[in-house]
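Shown next, in structure tokens, is the structure this report addresses.
None of the figures in this text is laboratory data; all of them are computed from the coordinates on show. In this text the structure is predicted, and so the values were computed from the model without any measurement. Counting neighbours? That spans all protein chains shown, and the Cβs are built from the backbone with ideal geometry, glycine included.
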Amino acid sequence: MSSGLLSYAISSDVLSSPPFVVVPGVINIRALRGTSAEGTQMHIKPLHVFRSGELTRITDVGRSKLQELGVTTVFDLRSDSEIAEFHSETPDIPGIRFVRAPALTENAWKIDIPELRVRILFASELC
């Protein structure tokens with residue numbers, strides 16, 4: 001078996017085992033684990049909060065799977081410019097509400113890692 005096929009087989013096995021969940025058309029979806037924050041009694045119930053990549057390519061079977069998992073709200077952390085750049089509009093999934101909550105400022109997602117390192121180094125030298 002070539003190393004590429006072996007890597008695919010290993011990654012397929014990992015991505016279909018807990019905490020990952022198989023939702024056709026969605027990559028890298030997994031349940032957040034139910035650990036409590038230090039000094040609190042707060043817990044995340046198992047299989048109540050998920051994180052994933054964008055949902056643009058979700059299939060009809062994937063839509064049904066999200067509904068089966070009880071997903072009712074999706075927080076979309078992508079910026080408007082990222083959605084536009086990749087032509088990745090939010091899908092319409094009956095019974096699921098999408099809330100836009102960009103995690104980064106417009107175009108911040110375009111910064112490559114070397115450029116970011118230079119910016120951090122330069123900023124730390126100014127302090």
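Would you please give the residues with an amide H less than 5 Å from that of Asp76, counting only those at least 5 places away or on a separate chain, with H modeled from the backbone geometry?
Val99, Arg100, Ala101
Around Lys65, with a cut-off of 15 angstrom between Cβ atoms, what is the net charge of the other residues, counting Lys and Arg +1 and Asp and Glu -1?
+1
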